[in-house]
Amino acid sequence: MSSSSPTETVSATIAVFAGDGVGPEVVAEARKVLDAVASRFGCAFNYRELLIGGIAIDTYGIPLRDEDIETARAVDACLLGAVGGPKWDDPDAKVRPEQGLLRIRKSLGLYANLRPVAVLDALLDATSLKPEVLKGTDLIVVRELTGGLYFGRPSHQWRERRGRAAVDTLVYHELEIERIARLAFELARTRRGKLTSVDKANVLSSSRLWRAVVSEVSADYPEIDLEHMLIDAMTMKLIQQPSVYDVIVTENMFGDILTDEASVLGGSIGVLPSASLGAAATSGKRAGLYEPIHGSAPDIAGLGKANPVGMILSAAMMLRMSLGLDDEASAVERAVFDTIASGLTTPDLRGGTATTSSFGDMVASRVAGI
Ligand code: IPM
Ligand code: MG
């Protein structure tokens, strides 16, 4: 990114992995909104369109090419739609779309996945939970993204005389736990000062290490109120009393499951954004990949029904966290919230009648100030 002094135009290069299913549809809306940001605030975004997931398997035979990882490494930030779909779901297939996503996370060292969940007043009645339970919910899950069961080896299936067997490996190293814990404590410092660390320390060795390391790191953050919770109890408390949580930190698989559950709080999985961040290099540059948490939703792909909010809010996170464009990010968030508050929603929220692109048009015109 070039200088952001007020007299100079900010210009950033963004890698765009639209991916599969509803991915391209929601990415198109985020780009529409970024175009509006560019014209209102006088910045320039250059896009590099790259393939990932099923579309990359169909085109190149693999879910992500080495040269595209290099491009992603070189740009200022990456946007990603979604990967996967029934076409590539054969359990015996050697190549799967999801491998592309895991590979880019691992290759760019994106160890911290931030998934904020804020319940908008306008959506308090949009879920099956009671409004009084939801009110005031504003939490962020920090999910460890490059360790645990997703990457541990061995991981394979075999046949033995008694039948088939399979193994996955849950391994965590102290340093992996320490860096994600520090990031979560730092984040809690900028928010309400409360951190909940989630594990399964009553059963798993990896969780006992997790708990010990998080407790050790807490010595550097005496002002943060740290609590440890077991994952099973957490899944219950999260929907019983969501508003008491601030920052929640957990390992990869628990974070995957917990954030799908958390999405119910926001009214629809379609509204949740995420940022996946790497460590800051000595140059200050930090890899960032921004994607909604909803996945490819093949059942509604191509129908104009996908909710672009998660993708658009992911683009806002990118503006703030990778490009340092705070005012621009806030303008996008305000435009999304005002559009929802005006009653316009896609069908996943209260059976709304907006299409993916009519919702995106409304957000873009609010950002542009029209
Ligand atoms: C997510 C998704 C991915 C994950 C899949 C698509 C590999 O569910 O980002 O939450 O499990 O991490
Ligand atoms: Mg998931």
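Annotations
- Distance from region 79-128 to region 3-64 (C-alpha centre basis), Å: 17 Å
- Probe 1.4 Å, accessible area per residue of the chain, Å²: 43 Å²
- With the gyration tensor restricted to C-alpha atoms of the chain, the semi-axes of the equivalent ellipsoid amount to 30, 26, 23 Å, longest first.
- Potential extension, Ala212-Ala233 segment - 0.36 nm per residue separation minus Cα distance: 5.6 nm
- From phi via Karplus (6.51, -1.76, 1.60), per-residue ³J(HN,Hα) for region 250-264 in Hz, x at Gly/Pro: 7, 7, 3, 5, 4, x, 4, 6, 4, 6, 5, 5, 4, 5, 4
- Between Val117 and Leu139, Ile140, Val141, the built amide H atoms are under 5 Å apart, and every one of these is 5 or more places off in sequence or on another chain.
- Charge dipole (the chain, unit charges on Cβ, about Cα centre) - positive-most of Gly255, Thr356, Gly23: Gly255
- Measuring between alpha carbons in the structure, the pairs from Lys135/Lys200; Lys32/Lys200; Lys94/Lys285; Lys87/Lys200; Lys32/Lys94 lying more than 31 angstrom apart are Lys32/Lys200; Lys94/Lys285; Lys87/Lys200; Lys32/Lys94.
- Overall Cα dimensions of region 138-264 - principal axes, largest extent first, Å: 56, 32, 23
- Point-to-point label distance, Lys94-Ile257, nm (Cα→Cβ direction, 7 Å offset): 3.3 nm
- Cut-off 10 Å between beta-carbons: net charge of the residues surrounding Phe41, Lys and Arg +1, Asp and Glu -1: -1
- Cα-centred dipole magnitude for region 222-370, charges only on beta-carbon of K, R (+1) and D, E (-1), debye, nearest 20: 480 debye
- Amide H contacts of Val16 (H built 1.01 Å from N, under 5 Å, at least 5 apart or other chain): Arg48, Glu49, Leu50, Leu79
- Residue by residue, region 188-202 carries 3J(HN,Hα) couplings of 4, 4, 8, 10, 9, x, 10, 10, 10, 9, 10, 8, 9, 5, 7 Hz when phi is fed to the Karplus relation 6.51 cos²θ - 1.76 cosθ + 1.60 (θ = phi - 60°); x denotes Gly or Pro.
- Pair Arg191, Ser357: separation of 7 Å Cα→Cβ label points (nm): 3.6 nm
- Simple spin-label estimate for Arg182 and Arg350 gives 4.5 nm between the two label positions (7 Å along the Cα-to-Cβ direction from each Cα).
- Residue-span extension gain [Asp138 to Asp299] - 0.36 nm each, minus C-alpha spacing: 55.0 nm
- 3J(HN,Hα) along region 104-118, derived from phi through the Karplus expression 6.51 cos²θ - 1.76 cosθ + 1.60 where θ = phi - 60°, amounts to 5, 4, 5, 5, 8, x, 7, 8, 10, 10, 9, 10, x, 10, 10 Hz, with x in place of Gly and Pro.
- Accessible surface of region 138-264, 1.4 Å probe, proportion on carbon and sulfur as whole %: 53 percent
- FRET efficiency, 1/(1 + (r/R0)^6) with R0 41 Å, evaluated for Lys87 and Glu160 via beta carbons: 0.80
The values are calculated or read from the model by the stated rules, or taken from the named source; none is laboratory data. Keep in mind that this is a model prediction, so the values were computed, not measured. Here Cβ is always computed from backbone atoms with ideal geometry, including for glycine, and neighbour counts include all displayed protein chains. Areas reflect the complete protein model, heavy atoms only, side chains present, ligands, DNA and RNA absent. Shrake-Rupley method; radii C 1.70, N 1.55, O 1.52, S 1.80 Å.
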